[in-house]
Structures are given as C-alpha cells and as structure tokens.
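Before any comments, here is the structure.
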Amino acid sequence: MNKAIVLSAKDIVVNFKVRSRVLTAIRHVSLDLYDGETLAIVGESGSGKTVLTKTFTGMLDDNGTVSNGSIIFEGRDLMTIKNNREWEAIRGIKIATVFQDPMTSLNPIRTVGSQITEVIIKHQKKTKDQAKDIAIDLMSKVGITNAASRFNDYPFQYSGGMRQRIVIAIALACNPKILICDEPTTALDVTIQAQIIELIKQLQKDFGFTTIYITHDLGVVASVADKVAVMYAGEIVEYGTVEEVFYNSKHPYTWALLSSLPQLGIKGEELFSIPGTPPSLYNEVKGDAFAPRNPFAMRIDFEEAPPFFKVSETHSAKTWLLDPRAPKTEMPAAIRNLHERILQIVKFNGEAHE
C-alpha cells in the first residue's frame, strides 16, 4: 500500500548574504517525506543537510532566505509564512527538532521538568498540574527512571545521554507529525549512541511520527533509515531505499562515502578518504559539482550538470554515468560485496563481545 506524503519540498533554493557576497547553500532540491518512514540525509559537513531541514521550521539564520521553491505541509505552502507567530503554529507542534548537543538545547538554570511543562502549557493549553503529569509520563517513556522524583532536577544532575532523552521528551511534548533528528548522537559515547538510536526507533513506533535523520555516520543510516538522500554541495545527488543506496548505489560520491566506512578498513592499510574539497558555493557551479574529485569524471561532467536518471521506481541518481552513452563503470571493488562484508563484521563483533 502506498504511503501518504506528509511533506513535499519542490525546487528549493536557499541563499545566504555573507558580507557583500551571496552563498547558495541549497541548489534546487526536491524531496518528499512519507508517513511513518525514516529518511536519512547524509553527506559531508557543509553539504546542506541542516540548512535544508531548517527551511521546514522557519529557522534559517537572519541572513538566509528561501529564494525559490515550495514546501507543502498539511495543504499549505510553508513558504507563504511571513512571521514568527505563524511559524510557532508549525515549529515544535507539528515539526519538532532534536539537536546534536543537549547541553546547548537545555537551559542550565531551570529544572528539566519546568522545561518540558513549559512546552505543554503553551502549545497544548494544559494546566500546570496536567502538564506535570504529561511531562512525567514522557520522561518515563524516554527512559528516565524514577521520573517523578527527578522532575525537579537540573540538567547538570543528568548524564549526557539522559539530557538527550529530556531533549527528545521536549520534542515529543506536542506529539509532532515530523521529528527532525540533527546528529542527535554526536556528543555521546558509542554505547549511549546506540541506546538513543533504539529509543528514537521505539518512540516512532509508539507515536507514529515521520523521522528525518541528519547524519554523516553511514553506520547509523544502515540501522535506522527506510530511505536515504545523499547530499553534496547543496544538492541531492542520489535518493533511494536504504538497500538501494547501500548495495546498488550509482553516484560516484555515494561510492566514495561508502568506501570511507571505518568498518571496511583492513589492518595495516590506510583508510580510504575522498581527495580534494567541495566547491565554493559563492560561485556558480558549472557541470557536476563532484567532478573535480571524481576519478570516473568525463568531459561532460565539467561542462553540464547531469539530470536525475531513474534506476527504479524508488531510486534515482544525478550522474552522467547512467546516461546510455556513458562507458560502463563498475562501483569500486571495496564496496562491491558490501552486504556480505557488513554481515561478516556484525558476526565478528557479536562473537568478540560474547
């Protein structure tokens, strides 16, 4: 059964005025979010992942503007919203965000309970006592033990992982339709990262929201995502199901990201790294933005931007390698049997921890 589209972004362009120059951070991006699914947006730092999702909540910096496109949510184009009061009816209530560092997301001089109840009182119009009951229930749902007795604690009395659980509780306080998770485990150690990832997956089942996961960690993507959007230099260059992107990717940038997986490293050999740097987005990008770093680049890559080529009903990639006239090119050997190699790694890790 086809799932309903909950948000549809079409041809989005985002510009930032930096001194006397204009930086185009998002370049004609289109994206559909489907009810109850998890979309992972991946790419190097500066590829536009966070900027894109900030357009969904009206949280661009003051020098940023959406200069083109539409974002349709619940029958309304969010780009027609012109003031913060209107955005407050969307931000937090309908589309909520969990940020990567819980220390900057929580007020250090207010109790955690008061920070959750503030959201509930403001947006759900509950009394203080009603809000407290809801907050304690949410604290329990996100895994805070003895939630009632910890309601009046301050953030410094919580560990990093527990603070992130409180941030998640605040994000869920209004039962949003979309939850944006912006690198939510970056500031946490590996064990706690796994707990937070599992928590978000379980809460999605319980509450039924749609999740956007922003990350550069492909290991996280493999464990949480239904669909994957690969971003480079302000564009989506490949989109598909997690299986299609991991095991049948078509864009050389996706190949490079997968080849960089630390789990694929061989003892005594250097880990793969992508040569060069992304282009400056102050200048107009000619051709394929990845061409200067792409060992498979053809002359046309430096002259003309490729269109999206359809691989399947759910999979497409923006690369001239998919043009029927292009020479047949195999993905790098290191990732050709990625499925089997990941299974071997998982098996090895499991045996090592027994």
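Below, the figures for the structure above:
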item	result
Conditions (1) more than 14 Å from the chain's Cα centre (by Cα); (2) assigned to a helix (DSSP H, G or I); (3) within 20 Å of Met231 (Cα to Cα); number of the one not met by Val51	(1)
Pairs, first without any contact (Cβ under 8 Å) to a residue 24 or more places away in the chain and over 16 Å from Ile26 (Cβ atoms) in the range 276-294, second small (Gly, Ala, Ser) and surrounded by 15 or more Cβ atoms within 10 Å (Cβ to Cβ), C-beta under 9 Å, six or more apart	Lys286/Ala305; Gly287/Ala297; Gly287/Ala305; Ala291/Ala297
Matching entry among Glu238, Glu270, Glu330, Glu303 (being within 26 Å of the chain's Cα centre (by Cα) and among the acidic types (Asp, Glu))	Glu238
Members of the range 288-321 that are out of contact with any strand residue (DSSP E or B) (no Cβ under 7 Å at 6 or more places or on another chain), aromatic (Phe, Trp, Tyr) and surrounded by 15 or more Cβ atoms within 10 Å (Cβ to Cβ)	Phe296, Trp320
Residue check, Ile144 in contact with a His (Cβ under 6 Å, 6 or more places away or on another chain), in the same structural domain as Ala173 (by TED's automatic domain parsing) and touching a residue at least 12 places away in the same chain (Cβ under 8 Å)	no
Residue in the range 295-304 that is outside any loop (DSSP other than H, G, I, E, B), within 25 Å of Gly240 (Cα to Cα) and either of a type in the set (Lys, Arg) or out of contact with any Pro (no Cβ under 6 Å at 6 or more places or on another chain) (or both) present	yes
Residue in the range 207-240 that is farthest from Lys94 (Cα to Cα), counting only those that are in contact with a Lys or Arg (Cβ under 6 Å, 6 or more places away or on another chain) and in a strand (DSSP E or B)	Val237
Residue among Gln164, Gln157, Gln195 that alone is closer than 29 Å to Glu74 by Cβ and polar (S, T, N, Q)	Gln164
Candidates Phe348, Phe290 - the one that is modelled with pLDDT under 95 and not basic (Lys, Arg)	Phe348
Test: residue in the range 106-118 that is surrounded by fewer than 19 Cβ atoms within 10 Å (Cβ to Cβ) and small (Gly, Ala, Ser)	yes
Residue that is farthest from the chain's Cα centre (by Cα), among those in the range 54-73 that are in a loop (DSSP other than H, G, I, E, B) and touching a residue at least 60 places away in the same chain (Cβ under 8 Å)	Thr57
Pick from the range 207-252, criterion buried (at least 24 other Cβ atoms within 10 Å of the Cβ), β-branched (Val, Ile, Thr) and within 19 Å of Ala317 (Cα to Cα), ranking: modelled with the lowest pLDDT	Val245
Test: residue in the range 217-226 that is under 29 Å from Ile166 (Cα atoms), of a type outside the set (Phe, Trp, Tyr) and touching an Asp or Glu at 6+ places or on another chain (Cβ under 6 Å)	yes
Qualifying residues in the range 143-184 (those that are part of a loop (DSSP other than H, G, I, E, B) and crowded, with 23+ Cβ neighbours inside 10 Å) - the one modelled with the highest pLDDT	Ala173
Number of the condition not met by Lys82 [criteria: (1) modelled with pLDDT under 90; (2) part of a helix (DSSP H, G or I)]	(2)
Residue among Ala89, Ala135 that is touching a residue at least 12 places away in the same chain (Cβ under 8 Å) and either closer than 29 Å to Tyr34 by Cα or part of a helix (DSSP H, G or I) (or both)	Ala135
Subset of the range 28-48 (residues that are part of a strand (DSSP E or B) and not β-branched (Val, Ile, Thr))	His28, Ser30, Leu31, Asp32, Leu33, Tyr34, Leu39, Ala40
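The values are calculated or read from the model by the stated rules, or taken from the named source; none is laboratory data. As the structure is a computational prediction, the values presented were derived from the model and not from experiment. Neighbour counts are summed over all protein chains in view; Cβ atoms, including those assigned to glycine, are modelled from backbone coordinates with ideal geometry.
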